[in-house]
Amino acid sequence: MIKWIHVINWKKVFTIAFFYTIVTMIVRQVEAFLTMKYYLLPQYFGVWSKLMMPNAGPPPVEFFITSLVFTFASGISLAVIYYYLKEYLPKGFWKRVFFFADVLVATSFIFFTLPVYMMFNVPVGLLLSWFISGFILNLFASFIIVKGIGA
């Protein structure tokens, strides 16, 4: 068995995932409200999944339930990744928060923002909004993970 997996405190991981889910859903709702014009442009209707927009109008309840589940799973994943990387991160609370956030933001930029820009017909303004809100959420996630699990 892998050594680091024995030290995972699952109660802390689930608590972190819970708070991450609440804050993420709030930030994403504010973001969707501020960027609604992009979602209403007919030239982008083909970009959105049938789960998100089965027809014109707001997303159905199934989309929000799926978002909650996926966001909670993301919170769990981020906390477990922190456990895995903890010994490699700098010492000190704020150094660790910002370094872990930097890793998350850089990973998101490289593996999400750049490929989406290159391969999909998504408005640049919306992609920028996603990056900014993702930056905020990654910083928040880093803060609650380091606070909840320890520096």
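A compact table of results
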{"quantity": "Binned Cα-Cα distances of segment 46-110, short to long, each 10 Å bin given as a whole percent", "calculated": "18, 33, 25, 18, 6, 0"}
{"quantity": "Per-q log10 I(q)/I(0), the chain, q = 0.14, 0.21 Å⁻¹ (Debye; single scatterer per alpha-carbon; no solvent)", "calculated": "-0.76, -1.36"}
{"quantity": "Of Tyr38, Tyr84, Phe19, farthest towards positive along the dipole that unit charges on Lys, Arg, Asp, Glu beta carbons give segment 3-149", "calculated": "Tyr84"}
{"quantity": "Kyte-Doolittle at least 1.6, axis length at least 27 Å by Cα - qualifying DSSP helices, the chain", "calculated": "61-85, 124-149"}
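Throughout, read-outs are computed from the coordinates displayed, never taken from laboratory work. Bear in mind that the values here come from a model prediction, so they are computed numbers and not experimental data. All Cβ positions, even for glycine, are placed from backbone atoms using ideal geometry, and neighbour counts span all protein chains on display.
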